[in-house]
Amino acid sequence: MSKINAVAKQSVSLADFCEFVEANPERLQAISEWPELWAKFYALYLNRNLLTDFFNEGLLDTSKFQFGNNYSGQSFLIVKKPGYYIRANVWPPAVYRGEAVAEEQFNRFYVYGDRYAHDHNFDFLTIGYYGPGYVTDLYTYDHRSVRGDVGEAVDLLSEGRHVLSEGSMLLFEKSKDVHVQFPPDQLTISLNFIPDLIPTRRQVMFDVEKKRVVKTEFPSSRRVHMDVLVDLLGSKETKSVYKNIVAD
Ligand SMILES: [Fe+2]
């Protein structure tokens with residue numbers, strides 16, 4: 001878990017941000033080693049019209065609005081380009097009137113509470129864009145030492161509590177950083193920058209009280225498709241390369 005202290009003086013448009021990313025596509029493989037991206041992402045946060053522009057444009061043609069967004073109702077896909085995407089996540093306060101409905105729409109991994117934590121099977125940057133920010137307890141664990149069996153004991157190391165307030169940025173590293181999320185006091189929106197790489201590991205949910213695995217989830221339908229393709233059509237070499245990619 002890294003708290004990122006990148007700042008920028010000037011805001012950037014979504015188009016300019018995308019142009020910057022697309023000029024360096026190879027660096028999407030390791031965003032934890034790309035400080036220029038962190039500063040540019042902060043500059044995107046400084047663009048206070050980003051979401052308003054996004055909704056205004058989307059409402060011009062609702063037949064296309066959020067077409068291809070496979071996430072829960074909590075997430076809006078701001079942009080999806082080859083190699084990466086940007087999401088806006090909406091975090092309602094617990095006292096929100098539509099709470100019961102909103103909770104049903106949450107992915108099981110994204111429930112609020114003090115007991116269940118999750119990791120992610122992808123690296124991403126997140127920044128508080130609007131509102132007071134959700135409160136999150138941060139942990140790390142060693143993915144290689146965990147098989148992922150339900151009930152398995154896990155050594156979760158506490159990294160303290162953080163509020164994702166406006167302009168504060170965190171880098172979540174895949175299969176390492178774990179967190180519990182608490183509802184914000186008021187409606188909060190965070191922005192995520194996510195390299196679009198095929199996840200090869202399972203996502204894991206933990207019980208932080210008992211320090212045990214609660215459940216795991218298969219990475220994605222794309223991973224399932226890859227498994228089938230490699231199995232049916234792969235040569236010996238394909239299978240060997242693929243085994244190395246997914247083994248860790
Ligand atoms: Fe998360």
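Assorted remarks:
- The stretch 108-160, residues that are part of a strand (DSSP E or B), more than 15 Å from the ligand (Cβ to nearest atom) and either out of contact with any helix residue (DSSP H, G or I) (no Cβ under 8 Å at 6 or more places or on another chain) or at positive phi (or both): Ala153, Leu157, Ser158, Gly160
- Qualifying residue in the stretch 219-227 (condition: surrounded by 14 or more Cβ atoms within 10 Å (Cβ to Cβ) and within 16 Å of the ligand (Cβ to nearest atom)): yes
- Selection count, the stretch 185-199, where residues are more than 15 Å from the chain's Cα centre (by Cα) and either within 14 Å of the ligand (Cβ to nearest atom) or closer than 24 Å to Val79 by Cβ (or both): 2
- Residues that are exposed (fewer than 14 other Cβ atoms within 10 Å of the Cβ) and touching a residue at least 40 places away in the same chain (Cβ under 8 Å), drawn from the stretch 12-29: Glu22, Pro25, Gln29
- No other residue among Ser158, Ser145, Ser175, Ser168 is in contact with a His (Cβ under 8 Å, 6 or more places away or on another chain) and more than 22 Å from Ala6 (Cα to Cα) apart from Ser175.
Since every read-out is calculated from the coordinates, none of them should be taken as a lab result. Since we're looking at a predicted model, the values are computed, not measured. With ideal geometry, Cβ positions are generated from the backbone for all residues, glycine too; neighbour counts draw on all protein chains shown.
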